[in-house]
Every structure is written in C-alpha cells, then in structure tokens.
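Asker: Quick one: the structure is below, questions incoming.
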Amino acid sequence: MKAAVIVFPGSNCDEDCRWALQHVCGVPTEMVWFRHRVPDDVDLIVLPGGFSYGDYLRAGALARFAPAMESVREAAEKGRLVLGICNGFQILVEAHLLPGVLLRNTCLQFLCKDVFLKTVRRDTPFTLGVPEVVRMPIAHGMGNYYIDTDGLKALQDNGQIVFQYCDHAGRVTAESNPNGSLDNIAGIVNRAGNVLGMMPHPERAAEDALGCHDGRYLLESAIRYLIKG
Amino acid sequence: MQEIAITPELVAQHGLTPEEYQSVLDILGREPTLTELGIFSVMWSEHCSYKCSKRTLKCFPTRGPNVLVGPGENAGVIDLGHNLAVCFKIESHNHPSAIEPYNGAATGVGGILRDIFTMGARPIAMLNPLRFGRITDPHMQWLVGGVIAGIADYGNCVGVPTVAGDIYFQDCYEQNILVNVMCVGLMRKDQLMLARAQGPGNLVVYYGSPTGRDGIHGATFASKEDPHSQQRSAVQVGDPFMGKKIIEATLELIASGAAVGIQDMGAAGLTCSSCEMASRAGTGVEIDLDRVPQRADGMNAYEIMLSESQERMLAVIPREKIDTAREILERWEVGCHILGEVKNDGLLRVKHRGRVVAEIPAVKIADQSPQYSPEARRPAYLDTIPAAPVPYPAPPDWGDALLRLLRCPTIASKRWVYSQYDHMVQTATVVRPGDGDAAVLRVKDTPMHLAVTVDGNSTMCWLDPETGGKMVVAEGARNVVMVGAEPLGLTDCLNFGNPNKPEVFWTFDKCVRGMAEACRVLGTPVTGGNVSFYNESKGLAVFPTPIVGVVGKIEPPLRILTPGWKNAGDRIFLVGGHEQHLGGSIFAQLWQPQQTARAGYYDEREPGPVIGPCPLLDLELERALQQFLLEANRRGLINAAHDLSEGGLAVALAECCIKSGREKMDPESGRRSAVEYLGANIEVPKVKCLASWLFSEAPSRALAACDPAKTAELAALANDFHVPLVALGEVSDTARMTLGKVMDLPVAELLRAHETLPF
C-alpha cells in the first residue's frame with residue numbers, strides 16, 4: 001500500500017505525518033504538492049494540520065479550492081481512505097466532504113494540550129483495534145465543531161461520530177470538552193466511513209518517545225484495513 | 001539627487017550627533033543626500049551599530065572547539081557531530097511590544113526566525129523570555145495578553161514549536177516591558193549559508209512581501225528612550241503565512257545550491273541587508289529601487305531604503321543559477337525580483353527613477369560606525385543595599401508561606417501561557433514546557449537530544465550587577481545540565497536603560513564582565529546576541545536584565561532527566577552550595593513584617609520591594625556541581641533532578657512532587673486512573689534561620705533523587721568532585737510533602753496553588 005500527504009502552502013504537520021506513516025508505521029509515503037493530483041495508486045490520503053493559506057478568510061476556506069482537492073474528492077468517492085487532521089479536518093468540512101463547521105474555541109484562544117478521546121465507533125477502517133479511550137494532543141484555535149440539530153441527529157443516527165472528548169476514565173463530560181464542540185465531537189466520518197476528520201493529532205502521539213503511542217493504533221488500523229483489502 | 005536641504009535640525013532628528021555628521025561628511029567628501037542621511041542614521045543607530053556596547057562585548061569568550069560561526073553573522077552555529085549543526089540566537093523586540101504588544105511580539109518572532117533560516121537551518125524551537133510589570137494593573141494585563149497572542153499566532157502558524165520561556169512580573173518593567181525571542185535551528189553542516197554578497201556580477205534578488213511604509217526608522221526607534229512618545233508607524237505588522245512560505249523557499253534555495261549569500265531585511269530593512277552583505281564580502285552592491293515590489297504608491301528612495309516591512313529577503317544568486325532560483329521562489333509564491341548586482345568597487349550604490357540617490361562605501365557604513373566608551377559611574381542606589389543579611393522573623397505558618405510562593409505569578413505554573421503555544425509541532429518535543437528545567441528536543445535519525453533554556457534573574461543583577469551577571473550564565477548552563485545535557489554555547493540579550501547615563505552604563509559593563517567570566521569558567525562560548533538599550537521611561541530604567549539562551553546536547557551515555565519524582569523510596573539529596581541568606585529572594589519580597597503596615601505578607605501578585613544583599617556565587621563550585629551532575633547522570637545514578645531557583649528549596653521540592661504525577665492505564669480499554677502523585681518526606685536539620693533554609697535563592701544548588709542502592713556511589717562521586725551533598729529524606733508514596741514538624745501539605749494542595757492564574 002501507499003500513502004500520500006498533501007502539502008498546502010502553510011501546512012506545517014505535513015512532515016510529521018510523513019514521519020509517522022513512513023518511519024513509525026513503515027508505509028511508503030509521498031508528499032503531494034497542492035497544485036498536483038494525488039496519484040491513482042495511493043490508498044491513504046492525509047490532509048495534514050497547519051495553517052493552509054494562513055487561515056486567511058477562514059480555516060480551510062481557501063485550501064478547498066486547491067487543485068489537489070479535486071483528486072481527493074475523486075479518491076473519496078472511489079472509497080479510498082482520506083484522513084484530515086486538524087487543519088485537514090477544517091479543509092474537509094469546507095470542501096463538504098464532511099458535514100458541519102469548525103468555529104473558534106469557546107475560550108477564544110489557541111489551545112495546545114493532551115486530551116482524552118472516547119472511541120465511539122471501533123469498526124471504521126480507522127479505528128479497528130483502537131482502545132475505547134485514547135490520549136492525543138490537540139493544537140488549534142478553531143476546533144469547536146458545530147452542526148445544526150438535524151445534522152447532529154443524522155450524525156448520531158448514522159453512527160458518524162467517531163471520537164468524543166472525554167475524561168481519563170472515558171466519561172464524556174462538559175469539563176473534558178476543550179473547545180466547546182457540540183456533543184464533545186472530536187472526529188467524524190462520512191456516511192461511507194472512508195473519510196475521517198479529527199481535530200486531535202494522532203501523528204503527535206505515535207511513539208513512546210513523545211509520551212504516548214495511542215495515535216499509532218489509528219494509523220495502523222487504516223494500514224491493516226488497506227493491506228487486508 | 002533630492003533637493004531637500006540637510007540642516008542641523010534634520011541631522012539631529014535623525015539621531016546623529018554633530019561629530020557623527022562630521023564623519024559622514026568626511027566619508028562622502030560632500031553633503032549627503034536625504035536618502036544617505038537616512039542610511040547613516042539607521043546604520044549608526046545603537047540597534048544596528050552597537051556603538052556604545054561593542055567595546056564591552058569584546059570581553060565575551062566567543063571561541064570553542066565546536067563553534068562554527070561566532071558573533072557577527074545572523075546567528076551563531078555550533079557543531080553537533082553527525083554532520084549536523086545547531087544555529088541559535090536571541091533578540092529583543094521590547095520597544096515595539098510596549099506600544100503594540102500583538103504586532104510587536106509577532107514581528108519579533110518573525111525576525112528571529114529569519115536570522116536562523118537564512119543560515120540554512122530549519123527552525124526547530126522558539127523560546128520567549130518576557131518581563132512585565134505588576135500583573136494586577138489592567139493595562140499590564142492587556143500587554144501580557146497581546147504579547148502572548150502575538151507570539152502564539154506567529155509561531156503556531158509557521159509550525160515552529162515554542163518550547164520554553166520564562167516570565168517575571170516586576171515593578172521596574174511597568175513602563176518598559178521586555179519581549180525577547182530566541183530561535184534554535186538545525187542544519188546539515190555542509191549547508192551553512194553566510195550573509196555575504198560574494199562574486200561581482202552575481203545578481204541581487206529580492207523575495208518575500210512587498211515594501212510598504214511601515215516601520216520606517218524602527219531601528220532608530222529602538223535606540224531611543226520612552227517608546228510611548230514615538231510614532232506608531234515605527235511598529236511593523238507581521239504576516240506569518242508569508243513567513244512560513246519564505247522559510248520553505250529559503251531552505252529549498254539553499255539546498256539547491258543556487259544562492260551564494262542570503263540575508264533577511266530586518267532592522268533598517270534593505271539598507272542594512274545590502275550594506276552588511278557587501279561589507280562582509282568586501283564587495284559593492286548596486287540596486288535599482290524601481291524594481292523593488294511596493295505596496296504603497298509613490299514611495300521615495302528614502303522610504304524604500306528605510307522601510308522595515310516584514311518577511312522580506314535578499315539573496316545573491318550567480319547568473320547561471322537564476323532560473324533555478326526563480327523556479328523555487330515562484331513555486332512558493334514569494335516573488336523573485338532582480339534588484340541589481342554585486343560590484344567590485346566596494347560601494348553601496350542606490351538608483352531610483354534613473355538617478356543615483358546614494359553612493360557610499362559599504363564597509364564605512366556597516367563596520368566603521370563610531371564607537372564610544374560611555375562614562376561609567378557606580379550608581380548611588382547600590383550604597384543603600386545592606387551588605388549583611390537582614391534578620392528574618394519566622395512567619396506564623398511555613399506551609400502557608402510555601403503556598404503563597406507557589407501562587408506568586410513569577411513562580412506559579414505558566415500553563416496558561418504555553419498552552420496557547422503549539423509546543424509539539426515537528427514531533428520532536430520530548431520534555432515539554434513546564435516538565436523540566438529546560439525543554440528537550442529529539443534530533444530525528446540520531447541518538448542525540450538538544451536541551452534549550454532561557455534564563456535571567458534581574459533582581460540579582462540589580463543588587464549586584466557583576467555577581468548577578470555571573471548567576472544568569474550559571475543558571476542557564478545549570479538548567480541544561482539538570483535535564484541531562486552538556487552546555488554547548490550561549491546567546492545573550494542584554495536589556496538595559498540609556499547607556500549615556502553613566503550609572504546605567506556602569507551596570508551594563510559590570511554585568512557583561514560577570515557574564516563573560518562565568519562563560520569562561522563554565523566553558524560556554526557566546527556565539528552571538530543582541531543589545532537593547534534605552535529601556536527607560538520617565539527617567540526610570542528597567543533593572544539590568546541580561547538574558548541568556550543556552551543550548552546543550554544529550555548523547556548517550558547521558559540520559560534525559562526531569563524534576564518529577566520517579567520511585568517511592570528514592571533518596572533525596574541537596575547538592576551544591578550553602579543557602580547563605582534570603583537576599584534577592586521572592587520570599588523576602590512577599591514577607592516583610594518590618595515594612596508592611598499590616599506587619600506581614602504582601603499580596604503575591606503585588607510583591608514588596610527587593611531586599612538585598614545579593615548572595616555570593618563561587619564559579620568553581622558551580623562548575624564542579626555541573627560536572628558532578630553530568631558524571632552522576634552518565635553513571636545512571638540520578639532518577640530525578642531539579643535546580644533551586646525562585647522560591648528556593650521548598651518550592652523546588654514542591655515542584656518535584658507536583659511533576660511526579662502519573663496515571664495507571666488499563667491496557668485493554670485504554671481507561672486511565674486519576675493522576676497519582678508521589679510525595680517527599682524530609683528531615684529538617686537544625687539550622688540558624690529556617691526561612692533561609694527553606695526559601696533562599698542562593699546559586700549553585702540542586703536536588704537529586706537517587707535509588708537507595710546507589711547512594712554510596714553518588715556520595716563518593718560528590719566527594720571526588722568536592723561538591724557538598726546533604727541527604728534530605730526520601731520520596732514517599734503518600735502524596736504529601738512533609739518537612740518534619742515544619743509543614744505537611746497534600747500534593748494536591750501544592751498543585752492547586754501552583755496552577756493559580758495570575759488574572
């Protein structure tokens with residue numbers, strides 16, 4: 001299998017994602033410049049974190065028009081795996097590959113810290129074998145997930161909520177919600193289950209040297225899913 | 001040439017003395033044009049020329065076996081082995097931040113980043129020493145919020161982790177806050193790039209943001225007292241998105257081999273970058289300002305040359321490589337504008353609208369600025385500082401005293417600050433801010449780690465500039481040793497008042513001499529730095545505030561150490577010097593029964609006056625302590641280590657308890673327990689002054705926790721190094737900090753106090 005990381009101008013977790021995929025998980029990973037198409041033989045596309053276009057206008061609002069996004073959309077339609085992390089999640093919602101929007105954190109500040117996540121769905125391609133509770137860092141100023149009432153109901157009914165912010169014991173509480181996200185939502189999938197967007201950074205928690213390897217479960221789930229085909 | 005007459009008033013407005021203006025006339029052999037006057041004005045400002053400080057700075061040791069580039073270039077570079085080198089520098093952005101905290105701080109970050117990547121190094125860490133006034137003042141809260149947001153927004157956007165810093169709140173910074181910024185970069189040794197305009201015939205290329213009217217005379221502005229009386233137009237506005245693009249474009253340009261020299265346009269903009277590059281290479285540079293991309297209409301040559309618009313770069317590219325360079329720069333959408341070429345006549349020649357508007361020997365502006373030895377006089381205030389320690393009555397409750405110290409904003413957790421900074425991007429931060437005495441970054445694909453810290457206790461420098469200067473260096477070096485690193489080198493930012501006041505210059509001179517001696521004894525060369533004078537308003541200067549940034553290397557058998565206790569039963573030792581007395585301590589600023597009307601404590605957010613004297617520092621002991629700690633680390637004798645600084649022994653012990661927190665995990669579900677803490681059980685010896693024993697901030701002291709089976713080896717090693725070692729007690733599993741009958745506090749209460757928000 002083969003992975004690709006899209007590099008938008010202003011992406012800054014692109015190299016971290018490549019490191020986690022290639023060095024930690026051993027998957028050949030190609031960096032794809034935003035002006036180019038994602039090659040057809042890529043099975044897993046990662047939209048990395050950062051500040052594409054400086055977050056000007058609105059996070060992800062300009063990157064959705066990048067030429068590479070057309071090939072991402074096609075790949076998503078063909079059922080290939082697409083993972084948007086942080087700014088990548090913001091781009092996916094702006095591109096309407098995932099529903100909802102990401103607003104400013106309710107504290108109105110950028111927030112960089114570890115959080116606990118409850119893995120609500122453990123049967124998506126990204127969460128096979130991911131423990132019920134995992135720890136990962138967040139680092140964002142606009143991670144406050146919002147969707148209208150009907151949209152939220154649809155997410156719940158379709159089982160699209162994959163990760164929720166929770167406490168150390170897995171309890172989804174108001175105190176454990178770092179940014180005001182509706183229903184403590186930290187990550188969602190599309191209906192088909194092959195496009196995941198999440199604010200926390202699995203690539204920052206993929207090695208014990210960084211204090212936690214919980215993020216590796218997620219990356220390896222996707223890899224195993226693809227290898228088994 | 002322009003028709004504006006050069007009058008004595010105009011010369012004075014440009015900050016040049018009549019003698020300096022005479023030198024200008026001598027160099028040119030004629031009257032300068034207005035543009036030339038502007039060029040001399042900024043290049044001979046203190047900020048660019050170091051005209052008052054240069055002679056004193058010469059006493060710093062700048063050489064060492066691993067120093068690849070010392071002072072004089074954009075940043076210092078030290079060899080790490082493995083064909084890698086570390087590049088680092090600190091700078092001030094005090095004056096702009098006092099007026100416009102958000103943009104002042106943001107552009108400070110942008111500026112120091114450029115100094116690093118122009119050398120060919122990828123920026124891997126930012127550090128921010130900040131000094132503010134009393135935090136209860138609403139205006140100060142606005143400044144604090146703005147500075148932190150400015151640092152966060154720029155650093156976060158460009159993807160360079162902000163991993164360390166320090167913050168002091170002290171009344172002397174009420175009118176003049178200090179915002180220093182340090183950047184550390186990593187490079188392949190063979191990609192070192194110098195800022196030299198080499199090779200006559202080579203092209204001079206401009207890329208990055210267009211030039212506007214912002215920041216004209218920023219460098220002169222930073223060389224004047226009282227920023228508040230100055231125009232706001234001297235503060236620039238940053239664009240971190242362009243900053244990120246020029247980082248990537250520049251590193252790719254250097255890797256491609258297309259550039260022979262690169263410099264950013266920082267202070268004094270196009271003027272400084274063109275003259276300095278020519279001067280360093282012994283060449284000349286000719287540029288045509290009509291080719292400079294401009295974002296304002298009708299800018300004249302004076303404005304274009306002096307603009308300090310941010311995110312602009314100047315590169316020297318051989319003609320045959322211009323296509324390669326253009327492809328890279330245009331791909332990153334940063335523009336590629338050929339302004340002119342390198343000449344062999346040694347002149348900076350500037351053309352605008354078909355006329356030569358400036359023609360000056362580059363070396364005369366860049367390197368032959370006037371130099372002064374300002375008058376120095378010992379300040380009278382020093383006579384009011386008691387020579388002998390002041391006796392201290394015991395406070396009513398020692399535990400309460402400790403909690404007050406932990407709540408004090410200078411000591412309390414800075415989580416509220418660093419949680420706004422992305423400190424994890426680049427996935428290299430192994431010891432995060434707040435978790436160690438220095439931050440630790442892994443160097444991917446090598447067995448190495450780097451330790452980085454910034455330090456600068458100005459209270460001690462105010463009490464005794466020379467000893468205080470030594471202490472700043474000693475603490476910086478000690479902090480990287482505490483996390484397991486050998487100090488490699490140091491960069492300094494010297495923040496002082498008006499150097500033309502003999503009392504200020506005296507403290508500057510003494511501080512630097514003290515620092516230089518400490519650098520020599522501790523073997524840490526100075527590879528560059530920055531001087532910020534004129535931090536003075538309404539006749540009141542800031543405390544002498546030298547700040548150092550120290551970089552260290554951890555390579556096996558050295559191991560990473562952190563302060564948090566690891567195992568119950570480990571023995572706790574106090575290593576190093578004697579507690580001496582409470583002079584200069586924060587405790588002495590809070591507990592002043594003789595001075596406060598209420599006969600007791602000052603509010604921890606509004607501490608009382610500083611009480612002297614400055615403790616003594618024995619540099620030989622400091623060196624022995626650091627060497628001992630490194631050797632004990634190599635032998636695997638230390639499980640936790642923490643130096644004693646603000647708040648003394650009691651605060652250090654409390655921090656080791658607070659940082660011992662761990663959670664248990666159920667491997668199946670991933671669920672964790674609540675965080676569990678270790679405690680400390682300490683025997684309090686019979687001492688003359690318990691307050692000193694608990695809270696003194698005397699230097700050269702550290703805590704070390706050791707496995708009980710290894711204590712004999714540790715003691716023998718301390719003996720070999722002639723370092724005093726005192727057994728204090730042991731790590732307990734009770735989650736309480738117990739000091740005999742003196743205090744007994746649950747760690748949760750220590751933690752609560754330590755996490756108190758300042759406002």
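The values are calculated or read from the model by the stated rules, or taken from the named source; none is laboratory data. On a predicted model such as this, the values are computed, not experimentally measured, just so you know. FYI the Cβ positions are ideal-geometry reconstructions off the backbone, even for glycines, and counts take in every protein chain you see. To get the accessible areas, we keep the full protein, side chains included, count just its heavy atoms, and leave off ligands, DNA and RNA. Shrake-Rupley method; radii C 1.70, N 1.55, O 1.52, S 1.80 Å.
Asker: For residues in the stretch B:123-156 being open to solvent by 10 Å² or more (accessible area, probe 1.4 Å) and among the β-branched types (Val, Ile, Thr), which is nearest to the chain's Cα centre (by Cα)?
Answerer: B:Ile124
Asker: Scan the stretch A:61-87 residue by residue and report those that are more than 14 Å from chain B (Cβ to nearest Cβ), in contact with a Leu (Cβ under 8 Å, 6 or more places away or on another chain) and open to solvent by less than 10 Å² (accessible area, probe 1.4 Å).
Answerer: A:Val72, A:Leu81, A:Val82, A:Leu83, A:Gly84 - these are the residues of the stretch A:61-87 that are more than 14 Å from chain B (Cβ to nearest Cβ), in contact with a Leu (Cβ under 8 Å, 6 or more places away or on another chain) and open to solvent by less than 10 Å² (accessible area, probe 1.4 Å).
Asker: Could you please find all residues in the stretch B:142-167 being away from chain A (no Cβ under 14 Å) and assigned to a helix (DSSP H, G or I)?
Answerer: B:Trp142, B:Leu143 - these are the residues of the stretch B:142-167 that are away from chain A (no Cβ under 14 Å) and assigned to a helix (DSSP H, G or I).
Asker: Could you run through the stretch A:93-134 and say how many residues are away from chain B (no Cβ under 14 Å), open to solvent by 50 Å² or more (accessible area, probe 1.4 Å), touching a residue at least 24 places away in the same chain (Cβ under 8 Å) and closer than 23 Å to A:Leu21 by Cα?
Answerer: Qualifying residue count for the region: 2.
Asker: So, one more: Just a yes or no: is a residue in the stretch A:170-179 open to solvent by less than 10 Å² (accessible area, probe 1.4 Å) and away from chain B (no Cβ under 14 Å)?
Answerer: Checked against the condition, which is being open to solvent by less than 10 Å² (accessible area, probe 1.4 Å) and away from chain B (no Cβ under 14 Å), the stretch A:170-179 yields no hits at all.
Asker: Ok, one more. Could you tell me whether B:Asn176 is over 30 Å from B:Lys245 (Cα atoms) and either small (Gly, Ala, Ser) or surrounded by 24 or more Cβ atoms within 10 Å (Cβ to Cβ) (or both)?
Answerer: yes
Asker: I want to confirm something. Restricting to the stretch A:1-16 and keeping residues that are at pLDDT 95 or above and surrounded by fewer than 21 Cβ atoms within 10 Å (Cβ to Cβ), which single residue is farthest from the other protein chains (Cβ to nearest Cβ)?
Answerer: Out of the qualifying residues, it is A:Lys2.
Asker: So, of the residues in the stretch B:556-580 that are out of contact with any Gly (no Cβ under 6 Å at 6 or more places or on another chain) and open to solvent by 50 Å² or more (accessible area, probe 1.4 Å), which turns out to be nearest to B:Asn633 (Cα to Cα)?
Answerer: Here the residue is B:Pro557.
Asker: Another one. Which of the residues belonging to the stretch B:667-686 are closer than 20 Å to B:Gly740 by Cβ and either open to solvent by less than 50 Å² (accessible area, probe 1.4 Å) or of a type in the set (D, E, K, R) (or both)?
Answerer: Within the stretch B:667-686, B:Leu678, B:Gly679, B:Ala680, B:Ile682, B:Glu683, B:Val684, B:Lys686 meet the criteria.
Asker: In the set B:Asp435, B:Asp445, B:Asp397, which member is open to solvent by 20 Å² or more (accessible area, probe 1.4 Å) and away from every other protein chain (no Cβ under 14 Å)?
Answerer: Only one candidate qualifies: B:Asp397.
Asker: Can you tell me which residues in the stretch B:606-631 are within 24 Å of B:Ser700 (Cβ to Cβ) and touching a Lys or Arg at 6+ places or on another chain (Cβ under 9 Å)?
Answerer: Within the stretch B:606-631, B:Leu617, B:Leu619, B:Glu622, B:Leu625, B:Gln626, B:Leu629 qualify.
Asker: Let me ask another. Counting only residues that are surrounded by fewer than 18 Cβ atoms within 10 Å (Cβ to Cβ), give me the strands (runs of 3 or more DSSP E) lying completely in the stretch B:56-97 with at least 3 of them.
Answerer: Correct list: empty, since no element meets the threshold.
Asker: Report yes if some residue within the stretch B:400-420 is open to solvent by 10 Å² or more (accessible area, probe 1.4 Å), among the β-branched types (Val, Ile, Thr) and either within 23 Å of B:Leu590 (Cβ to Cβ) or more than 11 Å from chain A (Cβ to nearest Cβ) (or both); otherwise report no.
Answerer: The answer is yes, given that some residue of the stretch B:400-420 is open to solvent by 10 Å² or more (accessible area, probe 1.4 Å), among the β-branched types (Val, Ile, Thr) and either within 23 Å of B:Leu590 (Cβ to Cβ) or more than 11 Å from chain A (Cβ to nearest Cβ) (or both).
Asker: Report whether or not B:Glu9 is surrounded by fewer than 21 Cβ atoms within 10 Å (Cβ to Cβ), assigned to a loop (DSSP other than H, G, I, E, B) and out of contact with any Pro (no Cβ under 8 Å at 6 or more places or on another chain).
Answerer: no
Asker: Looking at the stretch A:135-147, can you tell me whether even one residue there is buried (at least 22 other Cβ atoms within 10 Å of the Cβ), over 23 Å from A:Phe8 (Cβ atoms) and without any contact (Cβ under 8 Å) to a residue 60 or more places away in the chain?
Answerer: Within the stretch A:135-147, none of the residues are buried (at least 22 other Cβ atoms within 10 Å of the Cβ), over 23 Å from A:Phe8 (Cβ atoms) and without any contact (Cβ under 8 Å) to a residue 60 or more places away in the chain.
Asker: Considering only the stretch A:192-219, state which residues are open to solvent by less than 10 Å² (accessible area, probe 1.4 Å), facing chain B (nearest Cβ under 10 Å), among the aliphatic types (A, V, I, L, M) and farther than 16 Å from A:Val5 by Cβ.
Answerer: Hit for the stretch A:192-219 is A:Ala205, nothing else.
Asker: Another question, if that's okay. List the number of the failed condition for B:Leu757; all other conditions in (1) out of contact with any strand residue (DSSP E or B) (no Cβ under 7 Å at 6 or more places or on another chain); (2) under 19 Å from B:Arg478 (Cβ atoms); (3) in a loop (DSSP other than H, G, I, E, B) hold.
Answerer: (2)
Asker: Right, next: Being acidic (Asp, Glu), under 27 Å from B:Ser53 (Cα atoms) and without any contact (Cβ under 8 Å) to a residue 24 or more places away in the chain is true for just one of B:Asp383, B:Asp400, B:Asp323. Which residue is that?
Answerer: Step by step, each of B:Asp383, B:Asp400, B:Asp323 is checked, and only B:Asp383 is acidic (Asp, Glu), under 27 Å from B:Ser53 (Cα atoms) and without any contact (Cβ under 8 Å) to a residue 24 or more places away in the chain.
Asker: Considering each residue of the stretch B:32-52, count those that are of a type in the set (Val, Ile, Thr) and more than 13 Å from B:Glu276 (Cβ to Cβ), and give that number.
Answerer: Counting residues in the stretch B:32-52 that are of a type in the set (Val, Ile, Thr) and more than 13 Å from B:Glu276 (Cβ to Cβ) gives 2.
Asker: If you don't mind, another one. Anything in the stretch A:17-51 that is surrounded by 21 or more Cβ atoms within 10 Å (Cβ to Cβ), within 9 Å of chain B (Cβ to nearest Cβ), within 15 Å of B:Glu248 (Cβ to Cβ) and not aromatic (Phe, Trp, Tyr)? List them, or say none.
Answerer: Across the stretch A:17-51, the qualifying residue is only A:Gly50.
Asker: Also, I was wondering about something else. Identify the single condition in (1) more than 14 Å from chain A (Cβ to nearest Cβ); (2) under 29 Å from B:Leu403 (Cα atoms); (3) touching an Asp or Glu at 6+ places or on another chain (Cβ under 9 Å); (4) of a type in the set (Asp, Glu) that B:Glu604 does not satisfy, given that it satisfies every other one.
Answerer: Every condition holds for B:Glu604 apart from (3).
Asker: Same structure, new question: Considering only the stretch B:591-605, I want to know if a residue exists there that is closer than 21 Å to B:Ser700 by Cα and either surrounded by fewer than 22 Cβ atoms within 10 Å (Cβ to Cβ) or without any contact (Cβ under 8 Å) to a residue 40 or more places away in the chain (or both).
Answerer: no
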